[in-house]
Amino acid sequence: METQTLIYIFVGLSFALYIAIAIWSRAGSTSEFYVAGGGVNPVVNGMATAADWMSAASFISMAGLIAFLGYDGSVYLMGWTGGYVLLALLLAPYLRKFGEFTVPDFIGTRYYSKAARVVAVICLIFISFTYIAGQMRGVGIVFSRFLDVPILWGVIIGMGIVFIYAVLGGMKGITYTQVAQYCVLIFAYMVPAFFISFLITGNPVPALGLGSEVNDGSGLFVLQKLDLVLTDLGFAAYTDGSKSTIDIFCITMALMVGTAGLPHVIVRFFTVPKASDARKSAGWALLFIALLYVTAGPVGAFARLNFIETVNEQSYDNAPEWFTNWEANDLIAWRDKNGDGRMQYRPGDAFEGAPVFSESGEGASGERVLENAATDNANEVYVDRDIMVLANPEIANLPGWVIALVAAGGLAAALSTAAGLLLVISSSVSHDLLKKTFRPGITEKGELRAARIAATAAIVVAGYLGIYPPGWVAQVVAFAFGLAAASLFPAIFMGIFSMRMNREGAIAGMVTGLVFTFLYIAWFKLWAPAANVEANWLLGISPEGIGVVGMVLNFAVAIGVAALTQAPPAEIRTLVNNIRVPRGAQTPHMH
Amino acid sequence: MESEETRDDKVAASQKAYWRANIRLLCVLMSIWFAVSFGAGIIFRDFLDQFSLGGYPLGFWFAQQGSIYVFLILIAIYVVAMHRIERKFDLDDDDDS
């Protein structure tokens, strides 16, 4: 069967499955809408958390980033898994014992303050929208490349699917669709990875394959060969990094702590029956996530090796089909600087900026003509890092159904994360802003309706961001993790582990962390991007890692202010004592 | 929920001891968490890279593979050890619905 037909079948079937699950698991109460009634089995919740967590960035972009960053890509592997240790050990069981619906719920109650709750809601909405815009870009890429529909329609179809199961089913619908989406995405990720690992090393398990010898008779290990090939072409060795140690340290820490502070991840642990289940669930989540993460590193390394061997010094006339396919989608470009008709892949940018193709005519070898100014290095190839995972099955010549599977997997990853984010946005509006702050008299029915309206509005905004991505979106993903690390994590952590932390300290700390991190990132990413070089950074820490400094400031200011102001009232001490002990968790709707 | 005043001192003391045991366990596990990722994977990577595990330089392996396996083991240990501590102080949630 044609690959294109297979893609339609795979994607169509997976969508039908998600909708069927949504209809079966419709939410009837606010408790079901916000936290799936608090009755989700920890293994099921772990799987849903994994799908929620592994976004378009994890599925589509991460291995590509690692392929081009080499050792420096480790920050994502450690950063996006190590956060689960923090969640399991420091946050999840206590937040579940607390037993409410949202993250601002905890902060507002523990710090006996509506102001604290509103600050938390602002952090949450900002973090979640930044994140969601990235998911929509992923949906757009998959649709335009694999389904041949314009990005506009791709985003509208994707939003329609999410609308059905997020608005109808709430957390309950999302949880069970995410389980299905996890199965689709992990299968779609592993199958091509096994194939490619087997082709290159003879060992089908990627994590072992990367530590084995290449089966080309050279007797070299994969990483040795990769280092050799790259240094021959003038690149840095794959196993060496180019970032400074302090920057690697801070980025990893910011990603870990940020992960533990992301509201859509934390809220998943409100859905299990009791505190001890929250711990187990975090363990299961990490297990399901680790399957993809220990594979992503090898996939990146194999992809880089494959890419160089199939592209470098190849004449454009004989360029593989995937190369011209992605060129047609603007994500690959070639500029024949030396006029030899062959593609030279070397360090540096082939030309300035992202490719702008001219509409008229073709180059001497039939390639698309670029309008960008050429740079004076020897590199002729531009490749968008995001395509490595999607193009991998084609690069390795895998059968059509594997390509179709990857398309369905990419969509599953993007949609599951988008749904989780939409849910935390809508519940923070209907529950934290309406019910708990501005309209306490609202009925359960009214609150549920408000939650559905908020989810619908959030979908429309997210869809708009996906269709017309503002230029700054790609630049500010660092915001989500940096802000979560600098604002929410310290407030939640001290709320559990410190009896003395009070309203004044927590608010001052959150505001300090938030403002400092926001200004630092905005300065280097938006207002003065030209100044974004190591020499100008505070202590040599890039905007990606600055959340750690924001976090330290948050802790310092909060502890200082709390010491100078009144201790929290007696009932807060009782509350903290109560959440520290696992026994006696109630289902959320009993409050 | 019982209020603080009605609990006798014995319960309060046992809660205190339970919390101390919990903190002790956390300190041990968090030290290992820090040592494998920030220690072996980042700070001491160059030193460890002179050894290898199969075709992996050791520091590189910790950064891209090993730390993730250790994270998983840490959570597993925590789940088991914490359950034991809670039962010892009779604060577990085994019988909660």
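Please treat every number below as a calculation from the coordinates, not as lab data. Here the structure is a predicted model, which is why all the values come from computation and not from measurement. Counting neighbours? That spans all protein chains shown, and the Cβs are built from the backbone with ideal geometry, glycine included.
One table, with the values for the structure above:
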| quantity | calculated |
| --- | --- |
| Relative compactness, the protein assembly as shown, computed as alpha-carbon Rg over 2.2 N^0.38 Å | 0.96 |
| Cα-based shape type of the stretch A:398-536, given that a ≥ b ≥ c are square roots of the gyration tensor eigenvalues and the cut on a/c is 1.5 | oblate |
| Cα gyration tensor category, rounded, prolate or oblate, for the stretch A:178-297 with a/c compared to 1.5 | oblate |
| Relative contact order for the stretch A:475-562, counting Cα pairs under 8 Å that sit 6 or more residues apart, in percent | 49 |
| Packing-based order for A:488-495, A:93-100, A:190-197, A:226-233, using average beta carbon neighbours within 10 Å, highest first | A:488-495, A:93-100, A:190-197, A:226-233 |
| Set of lysines with alpha-carbon distance to A:Lys114 below 21 Å, sequence-local pairs under 8 removed | A:Lys435, A:Lys436 |
| Ranked A:Thr252, A:Thr324, A:Thr443, A:Thr295, criterion: other C-beta atoms within 10 Å, fewest first | A:Thr443, A:Thr324, A:Thr295, A:Thr252 |
| Average beta-carbon neighbours from other chains, 10 Å sphere, peptide B:48-60 | 5 |
| Distance from the stretch A:527-556 to the stretch A:185-263 (C-alpha centre basis), Å | 27 |
| Scattering profile of the stretch A:226-279 at q = 0.21 Å⁻¹ [log10 I(q)/I(0), Debye over alpha-carbon scatterers] | -0.82 |
| Cα shape, the stretch A:493-591, gyration tensor, a/c 1.5 rule | prolate |
| Gyration tensor (Cα) of the stretch A:1-118, equivalent ellipsoid semi-axes in angstrom | 33, 26, 12 |
| Long-range amide H partners of A:Phe351 with built H, under 5 Å | A:Thr375 |
| A:Phe68, B:Phe47 arranged by Cβ crowding within 10 Å, fewest neighbours leading | B:Phe47, A:Phe68 |
| Ranked by how many other beta carbons lie within 10 Å on average, peptides A:503-509, A:561-567, A:49-55, A:267-273 from highest | A:49-55, A:267-273, A:503-509, A:561-567 |
| The stretch A:8-53: translational diffusion in µm²/s, Stokes-Einstein, Kirkwood Rh over Cα pairs, 20 °C, 1.002 mPa s | 175 |
| Across A:Lys97/A:Lys280; A:Lys97/A:Lys172; A:Lys337/A:Lys525; A:Lys280/B:Lys88, pairs whose alpha-carbon gap is larger than 25 Å | A:Lys337/A:Lys525 |
| Loop trypsin sites (Lys or Arg not before Pro), the stretch A:332-419 (other Cβ atoms within 10 Å of the site Cβ: 16 or fewer; DSSP) | A:Lys337 |
| Average beta carbon contacts from partner chains per residue of A:564-576, 10 Å cutoff | 1 |
